[in-house]
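The values are calculated or read from the model by the stated rules, or taken from the named source; none is laboratory data. If you're wondering where the values come from, they're calculated on a predicted model, not measured in any experiment. Virtual Cβ from ideal backbone geometry, glycine too; neighbours counted across all protein chains shown. All accessible areas refer to the heavy atoms of the entire protein, side chains included, with ligands and DNA or RNA removed. Shrake-Rupley method; radii C 1.70, N 1.55, O 1.52, S 1.80 Å.
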Amino acid sequence: MALHREPEISHHERATRDKIVAALDELGIPVRTYPDFFGVLGFIGQGRRGPVVALRADMDALPVTEETGLPYASRFPGKMHACGHDVHMSALLGAAAILAQEPDRLGGPVKLIFQPAEEDGGDGGALPFIRRGCLRDPDVDYVVGQHVEPGVPAGSVGVKPGPCMAAADTLRISVRGRGGHAASPHQGPDAVLVASEIVCGLQAIVSRVRNPVDPVVISIGQIHGGTRHNILPDVVEMEGTVRTFRPATRNAMEAAIRRRVRSIAGSLGARVSIGYRRGYPALWNPPAETARIAEGLRAALGDRSVVDLENPVMGAEDFARYLERVPGTFLRLGAGIPGRPASLHSATFAPPGETLVTGAAALAIAADSLQSGARP
Ligand code: NI
């Protein structure tokens, strides 16, 4: 509740870090913190023989003003845990309490990773944390994370082997034409018209360049240009996102976008500059580890509590950085309430308490499944 009431956005998770350290202290779990980074590591069953499992929760909130009206709603206007990262932290603390109760029964050490800045989108928080050695000392054999999912019923956990979430890149385009009176557009080039052609031209890449069975999204999320109805601006700026699954498709899309944008601008006589920044890679769940965890979840929670997800989503998550280095899985934690739709990142997103209980159990069961192997 305190985590939800006092959200902090990416790179500002200082008080959140302090709350986590206090909670781990109370559980008697040793921690590691950093002077220049808000991540926290916790260590359970140190020195035990067996595979090292890391369990990860992200910590940051979003710049959204909460409108849930809940008694524990955010105290800070313009900041809200609208992506459920408070649930992820609480569930990891819950799992830590379960696992730390009887450390002698653990099949190996468990490392808790509380990671800041997941919403950052650029380097995120996972990469800086990995560079600071969060997967070493002791070296991590498996990693498990989870994210709340309104599309899965509360009380259940969604599993998805293979491609799970997309790679996310940022596209910035600046179109330079020649401004002037809107009644004399022939003196152009008109940057607004060129920008419009580019927006449409990008969608032709999605429909005609990529393979139809290989998902790609290109969305322009913002366009800025102009000051008045009768003045053509010199410059129009656009920003968008490019989502892909396969590395080869990711490269092909970047090349196709650069080509298409230059050719449209060139054909209309405008100059253009293109910025393309690679964000998080695609998240791919190794099938063997995902199956072991799913089996453990079914045995402990019942068949009906585990949902086999058919499709990946085009959202992105920097947990992919851990899975690039260590096998494991990323679970979709059920947060759906029948008849009460609320999407992630919305001001009314309010996962039920049941989600937290299931999330804590799911992480503890996942660690156990990986350390004891598949149960008969
Ligand atoms: Ni999130």
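All but one of (1) in contact (Cβ under 8 Å) with a residue 24 or more places away in the chain; (2) polar (S, T, N, Q); (3) surrounded by fewer than 19 Cβ atoms within 10 Å (Cβ to Cβ) hold for T33; state the number of the condition that does not hold.
Going through the list (1) in contact (Cβ under 8 Å) with a residue 24 or more places away in the chain; (2) polar (S, T, N, Q); (3) surrounded by fewer than 19 Cβ atoms within 10 Å (Cβ to Cβ), T33 breaks only (1).
For region 254-283, name all the residues that are over 18 Å from E197 (Cα atoms) and surrounded by 18 or more Cβ atoms within 10 Å (Cβ to Cβ).
Result: G279, Y280, P281, A282, L283.
Could you count how many residues in region 204-253 are part of a loop (DSSP other than H, G, I, E, B), over 23 Å from the mean Cα position of the chain (by Cα) and buried (at least 16 other Cβ atoms within 10 Å of the Cβ)?
Here the count works out to 5.
Name the residue, out of E26, E67, E6, E13, that is of a type in the set (D, E), away from the ligand (no atom under 14 Å from the Cβ) and under 26 Å from R332 (Cβ atoms).
Among E26, E67, E6, E13, only E67 is of a type in the set (D, E), away from the ligand (no atom under 14 Å from the Cβ) and under 26 Å from R332 (Cβ atoms).
Take region 84-121 and flag every residue that is open to solvent by 10 Å² or more (accessible area, probe 1.4 Å), in a loop (DSSP other than H, G, I, E, B) and within 16 Å of the ligand (Cβ to nearest atom).
Of everything in region 84-121, just one residue is open to solvent by 10 Å² or more (accessible area, probe 1.4 Å), in a loop (DSSP other than H, G, I, E, B) and within 16 Å of the ligand (Cβ to nearest atom), namely G121.
Please determine whether any residue of region 189-209 is among the basic types (K, R), in contact (Cβ under 8 Å) with a residue 24 or more places away in the chain and out of contact with any Gly (no Cβ under 9 Å at 6 or more places or on another chain).
Taking every residue of region 189-209 in turn, none turns out to be among the basic types (K, R), in contact (Cβ under 8 Å) with a residue 24 or more places away in the chain and out of contact with any Gly (no Cβ under 9 Å at 6 or more places or on another chain).
Can you pull out the residues in region 161-176 that are away from the ligand (no atom under 16 Å from the Cβ) and touching a Leu at 6+ places or on another chain (Cβ under 7 Å)?
Result: no residue meets the conditions.
Go through the residues of region 195-203 one by one and say whether even a single one is surrounded by 14 or more Cβ atoms within 10 Å (Cβ to Cβ), under 27 Å from the mean Cα position of the chain (by Cα), within 24 Å of N311 (Cβ to Cβ) and not assigned by TED's automatic domain parsing to the domain that holds H147.
Yes, some residue in region 195-203 is surrounded by 14 or more Cβ atoms within 10 Å (Cβ to Cβ), under 27 Å from the mean Cα position of the chain (by Cα), within 24 Å of N311 (Cβ to Cβ) and not assigned by TED's automatic domain parsing to the domain that holds H147.
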